[in-house]
């Protein structure tokens, strides 16, 4: 026989930090007037002492794990919606006399009373509470379970639990079927025969309702009274609407045999009903019953103390207090744009009423209740921390503290329609299929894994304008619903104007960084060559943590950097790339525009559903084999690398070809640079050979094998002069070791490019 502890250990096999198994003991009241539940964790003494073979106790377990926090009264472990962590199983109850078996064989069957069974299904731990609740309602409508026993917070019997209901003869629940199939939430929906898209749409409409102002939305199920009614098994049906069907507390007095009453929770309905509760029963016996009667009845049974007008839970579901600058954030308005962060003083003016508060003799200002309540969500500051689509984007943990996440994932309604306009334009811009597939994978990977980074993409269309690359930026802004910043090349490499070098908030809080023209007129080629290390660092594929962000307006802060860079250029030589550059993927775009009709179609797609289509098309794209770290080589990249060689490299190659001696001093190197610059028509270097000389001198290694700093020096024209080898270095390192001074003098005396041939008398240092 499966024991209770073995049963729970199998269901909750893999718990993460912060997850706790919750068990409940049903306690009957004196005189048989109802019962209440006492919540415990499996580690609690009360549970450990239970012996199902000797004690006739009724024990239940919650289908979801909880955070272990105490309830608002501090009297027991909380199992309201705010306490839930993950749901580990799906349970249909009272199958037998009240309901018919579902078409899917369960993981277990427990006989809870004579000929009545509990059907349980092992789940991959899931946070899709609303989806599973919608599935439960759908199954109940099919007659496959007791419709009043739903909810992610519900409790069901463990093996060995006694049935304390009258007429059940203390029946002890017994496992009659035990198997190991495991479902994801989506798989169970499909196997049951439900429509996944329809259920998700239903949950969205059930969870989100309009507020009287029409300027924002609020979530349902923020009412602790509704949670309590659910734990008591009193909810018959909850479709997410203004009224919930509950079992009337005075149903025993109904002469019709009907037991249905209505409860309107906080946050449900239109107009002024949102911050209010209400109760009604249509039976003649209950004509005079109001909310106060329901509250009084519930208080004697452990229900929370509530009032008819109570905006606090609604406000706590909507707002987060950000302590850094005493601001209040509207987390429900945030995804829809506009103003969602308020200074505390301004927020107080929006909510000037008074409310009853436990422990207060008289009503207190709403702001006081909000700021002093332990249920109010708090954050030390804001943070941009991308998460996957189905993860919570509200308050997140970072650096050991709570932060309000400013990242908002795209919120497009799911669709299977193909983004034809988008794909046609990508095919036009990237005619090579292999390159096009890489680019589409690059986009898809970022959408599916927003907390990752990939290499930069450079699109080059030599001397071409108006082909439609800027449309990509506009379109991505709609696909990502923001999350895109722009920058100049000067900003990206830390050069250019003083402002471009000083202020860098463009690199924070975004998924993509777009540089619309890489060849910046304010920059020289040398600027880019000398800043290449900065460029590499900023387009690196690792998340840039603890970057100092200095905005033009606002306070300096540190942030993690998540952007992928998309760079457009009309010049093949605009960006200096090193050979074997692993941080860029280069694509050549067409140079000829299409007709006006084509671009009219593109512009029209910016305001239609094309972005929605593209989002879901990219979200479903298989990127399992895509390498987001190392880009493939392209012909365009090879051309950019060759065309963007640094002038110093070109000069050095010329010197290698035309300078007679293997050896140079700083003086003869400078002379050789000047002559090479003249031959190559590099005017700037002809004027300033010294800068290039210093660069190349550092590049040429010393003649001391184990000393890269202090080289071999010789007495030339009465001065100690260091010599270095531009070619055949190993030969001259060996000659230096042998102290063959004459060989050095002879080499330096070869006919040089320089007209200034020195008389060399040498002496080893």
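Filter segment 720-747 for residues that are outside any helix (DSSP H, G or I) and either modelled with pLDDT of 80 or more or closer than 23 Å to residue 658 by Cβ (or both) and give the result. Break it down stepwise before answering.
First, pick out the residues of segment 720-747 that are outside any helix (DSSP H, G or I): 720-728, 738-740.
Answer for segment 720-747, where residues must be outside any helix (DSSP H, G or I) and either modelled with pLDDT of 80 or more or closer than 23 Å to residue 658 by Cβ (or both): 720, 721, 722, 723, 724, 725, 726, 727, 728.
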- line: Taking segment 336-374 and the residues there that are crowded, with 16+ Cβ neighbours inside 10 Å and under 26 Å from the mean Cα position of the chain (by Cα), the one that is farthest from residue 480 (Cα to Cα) would be 342
field: Matching residues, segment 130-180, being crowded, with 21+ Cβ neighbours inside 10 Å, modelled with pLDDT of 80 or more and at positive phi
entry: 145, 160
statement: Counting only residues in segment 542-557 that are surrounded by 13 or more Cβ atoms within 10 Å (Cβ to Cβ) and over 9 Å from residue 504 (Cα atoms), the one farthest from the chain's Cα centre (by Cα) is identified as 557
field: Output for segment 233-242, where each listed residue is free of Cβ contacts under 8 Å to residues at least 40 places away in the same chain and either surrounded by fewer than 19 Cβ atoms within 10 Å (Cβ to Cβ) or not in a loop (DSSP other than H, G, I, E, B) (or both)
entry: 241, 242
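Hey, could you check segment 265-290 for residues that are farther than 13 Å from residue 225 by Cβ and not in a loop (DSSP other than H, G, I, E, B) and say which is modelled with the lowest pLDDT? So that I can check it myself, show each step before the final result.
Going through segment 265-290, the residues farther than 13 Å from residue 225 by Cβ turn out to be 269-275, 280-290.
Okay, now just the ones that are also not in a loop (DSSP other than H, G, I, E, B), so 271-273, 280, 284-286.
Numbers: 271: 50, 272: 47, 273: 51, 280: 91, 284: 79, 285: 83, 286: 89.
The selected residue is 272.
Residues are listed down the side, and each one gets a yes or a no for (1) in contact with a helix residue (DSSP H, G or I) (Cβ under 7 Å, 6 or more places away or on another chain); (2) at pLDDT below 90; (3) surrounded by 23 or more Cβ atoms within 10 Å (Cβ to Cβ); (4) not in a strand (DSSP E or B):
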| position | (1), (2), (3), (4) |
| --- | --- |
| 52 | yes, yes, no, yes |
| 60 | no, no, no, no |
| 82 | no, yes, no, yes |
| 92 | yes, no, yes, no |
| 104 | yes, no, no, yes |
message: Out of everything in segment 659-696 that is at pLDDT below 85 and not in a helix (DSSP H, G or I), what residue ends up being surrounded by the fewest Cβ atoms within 10 Å (Cβ to Cβ)?
response: 681
- prompt: So residue 386 fits all but one of (1) crowded, with 20+ Cβ neighbours inside 10 Å; (2) at pLDDT below 90; (3) out of contact with any strand residue (DSSP E or B) (no Cβ under 8 Å at 6 or more places or on another chain); what number is the exception?
  reply: (2)
statement: With the first residue restricted to segment 480-507 and required to be more than 24 Å from residue 571 (Cβ to Cβ) and in the same structural domain as residue 537 (by TED's automatic domain parsing), and the second required to be at pLDDT below 85 and surrounded by fewer than 17 Cβ atoms within 10 Å (Cβ to Cβ), Cβ contacts under 6 Å at 6 or more apart or on different chains are 503/552
- prompt: Is it the case that residue 211 is modelled with pLDDT under 80 and crowded, with 17+ Cβ neighbours inside 10 Å?
  reply: yes
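Here is a yes/no grid of residues against (1) assigned to a loop (DSSP other than H, G, I, E, B); (2) assigned by TED's automatic domain parsing to the domain that holds residue 376; (3) touching a strand residue (DSSP E or B) at 6+ places or on another chain (Cβ under 6 Å):
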site	(1), (2), (3)
252	no, no, no
263	no, no, yes
292	no, no, no
306	yes, no, no
335	no, yes, no
342	no, yes, yes
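Does residue 463 qualify as being outside the structural domain of residue 607 (by TED's automatic domain parsing) and either in contact with a strand residue (DSSP E or B) (Cβ under 6 Å, 6 or more places away or on another chain) or surrounded by fewer than 16 Cβ atoms within 10 Å (Cβ to Cβ) (or both)? Step through it out loud before you land on a result.
Numbers: outside the structural domain of residue 607 (by TED's automatic domain parsing): no; either in contact with a strand residue (DSSP E or B) (Cβ under 6 Å, 6 or more places away or on another chain) or surrounded by fewer than 16 Cβ atoms within 10 Å (Cβ to Cβ) (or both): yes.
It is false that residue 463 is outside the structural domain of residue 607 (by TED's automatic domain parsing) and either in contact with a strand residue (DSSP E or B) (Cβ under 6 Å, 6 or more places away or on another chain) or surrounded by fewer than 16 Cβ atoms within 10 Å (Cβ to Cβ) (or both).
Select, from 614, 638, 646, the only residue that is modelled with pLDDT of 85 or more and out of contact with any strand residue (DSSP E or B) (no Cβ under 8 Å at 6 or more places or on another chain).
Values: 638 fails: modelled with pLDDT of 85 or more; 646 fails: modelled with pLDDT of 85 or more.
Exactly one residue qualifies, and that residue is 614.
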message: I'd like the residue in segment 107-129 that is part of a loop (DSSP other than H, G, I, E, B) and without any contact (Cβ under 8 Å) to a residue 60 or more places away in the chain and, out of all such residues, is surrounded by the fewest Cβ atoms within 10 Å (Cβ to Cβ).
response: 115
message: Show me the helices (runs of 4 or more DSSP H) found entirely inside segment 529-642 where at least 3 residues are in contact (Cβ under 8 Å) with a residue 60 or more places away in the chain.
response: 596-605, 610-619
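Given the criteria at pLDDT 90 or above, touching a helix residue (DSSP H, G or I) at 6+ places or on another chain (Cβ under 9 Å) and either assigned to a strand (DSSP E or B) or within 21 Å of residue 126 (Cα to Cα) (or both), does residue 194 qualify?
Working: at pLDDT 90 or above: yes; touching a helix residue (DSSP H, G or I) at 6+ places or on another chain (Cβ under 9 Å): yes; either assigned to a strand (DSSP E or B) or within 21 Å of residue 126 (Cα to Cα) (or both): yes.
The answer is yes for residue 194.
The values are calculated or read from the model by the stated rules, or taken from the named source; none is laboratory data. Since we're looking at a predicted model, the values are computed, not measured. Using ideal geometry, Cβ is built from the backbone for each residue, glycine included, and neighbour counts are taken over all protein chains shown.
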